[in-house]
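Beneath this line is the structure, given in structure tokens, with notes to follow.
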Amino acid sequence: MVFKRLLGSLGVGGPTVETVLEDGAVLPGGTLRGEVRLAGGSASYDIDRVTLELVARVEAEYDEGESEGYVAFERYEIGGGFRLGEGEPYSVPFAVPVPWETPMSELHGEPLGIRLGVRTELDVAGAKDKGDYDPFAVRPLPVQEAVLEAFGQLGFGFRSADLELGHINGSGQQLPFYQEIELIPAPDYAHRLNEVEVTFLAHAGGTEVVLEADGRGGSGVDDALNRHMVGHDEVARTDWNTVVAGWVDQLASRYPDHGHGHGNLHGHGHSDSHGHGHSSGSGISTGAAVAIGAAGLAVGVAGGLVAAEVVDEVGDFFEGDEEEEEG
């Protein structure tokens, strides 16, 4: 998708800018490629800097409620120091790294309701102008996809995904927010758990998988949280169904059984390290919630289960939440 906009700070007759991204979703830790295309206006201008910001739509919680807005999580200076002549075309190609912790916005090509974008900023004639916004997509790393697919194979369903402002205590989290993927429990766990939330914190050496469970029936037990480190090279040689079932068994064992269904735990073991202090508070998004089985979580996404909760208020912590232009 291509966006083009007159640079507002320079008025009619000023240069225009459009940012064009390479087609296709990128991987966390990968490279985002494209070019910024400038077209000179009715006069010549000095272009001091061309800067890209990676931004994400993030939720924040306060005592008074929730707010939502864009947060910049990476910034790159890709060019500058040239004069743009009257009516002159000029292109600035770029290839910038995508942070490892960048959240996934799609699964098997289906959107998850996560909004990521590139915001282009130009320093022109001594004034800054955010001249362009362009959305981009991120697909999961192979190990992340394997974990989510195992949840689907075990009968868990996709409920929603969102980005939360804050930090998971005790983790090596680098970004100012984290992603929560909320899952509906499989039948074997439905009498113990209301919900399981999955967070991936990737880095060059692997991915930390943070699982948080919400128990049923007001058990008085705080939300259980476990952490598991997995390497990028473990995908092909791991029985993920067994591993993930073991992870969930550990979470579910903290809660009493509140029903008459299966309620059994599988008893699979897997080493992990435990951590506490992550406060979810994300709530459950509105919309349909359908359990899925062997076809995997992507079926739920394709079935339109993503429910994007819109919050009108924007908190002070958000950087310039400007109106997006859609092409």
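H167 versus (1) of a type outside the set (A, V, I, L, M); (2) touching a Pro at 6+ places or on another chain (Cβ under 7 Å); (3) free of Cβ contacts under 8 Å to residues at least 12 places away in the same chain: which is the lone unmet condition?
Every listed condition holds for H167 apart from (2).
Look at F158 and say whether it is of a type outside the set (A, V, I, L, M), in contact with a helix residue (DSSP H, G or I) (Cβ under 9 Å, 6 or more places away or on another chain) and more than 19 Å from F73 (Cβ to Cβ).
Yes.
Among the residues of the range 94-112, write down those that are among the small types (G, A, S) and modelled with pLDDT of 95 or more.
Once the filter is applied, which keeps residues that are among the small types (G, A, S) and modelled with pLDDT of 95 or more, the range 94-112 yields A95, S105.
Conditions: (1) buried (at least 21 other Cβ atoms within 10 Å of the Cβ); (2) in contact with a helix residue (DSSP H, G or I) (Cβ under 8 Å, 6 or more places away or on another chain). Q153 meets all but one. Number of the miss?
(1) is the only condition that Q153 fails.
Here is a check on your reading of the model: is V55 farther than 27 Å from L201 by Cα and buried (at least 21 other Cβ atoms within 10 Å of the Cβ)?
no
Could we say that E86 is over 19 Å from D123 (Cβ atoms), modelled with pLDDT under 95 and not assigned by TED's automatic domain parsing to the domain that holds L165 here?
It is true that E86 is over 19 Å from D123 (Cβ atoms), modelled with pLDDT under 95 and not assigned by TED's automatic domain parsing to the domain that holds L165.
Hand me the list of strands (runs of 3 or more DSSP E) wholly inside the range 71-162 holding 3 or more residues that are under 23 Å from the mean Cα position of the chain (by Cα).
Of the strands (runs of 3 or more DSSP E) lying wholly inside the range 71-162, those with at least 3 residues that are under 23 Å from the mean Cα position of the chain (by Cα) span 89-97, 116-124, 127-135.
Report, by residue number, each residue of the range 222-235 that is part of a loop (DSSP other than H, G, I, E, B) and closer than 19 Å to H203 by Cα.
Scanning the range 222-235 gives a single hit, V235.
Pairs under 9 Å by beta carbon, first residue closer than 30 Å to G85 by Cα in the range 100-124, partner surrounded by 22 or more Cβ atoms within 10 Å (Cβ to Cβ) and polar (S, T, N, Q), six or more apart or different chains?
V118/T19; R119/T19; T120/T19
Just need a number here: residues in the range 163-177 that are touching a Gly at 6+ places or on another chain (Cβ under 9 Å) and in a strand (DSSP E or B).
Final tally of qualifying residues: 3.
The values are calculated or read from the model by the stated rules, or taken from the named source; none is laboratory data. All values reported here derive from a predicted model rather than from experimental measurement. All Cβ positions, even for glycine, are placed from backbone atoms using ideal geometry, and neighbour counts span all protein chains on display.
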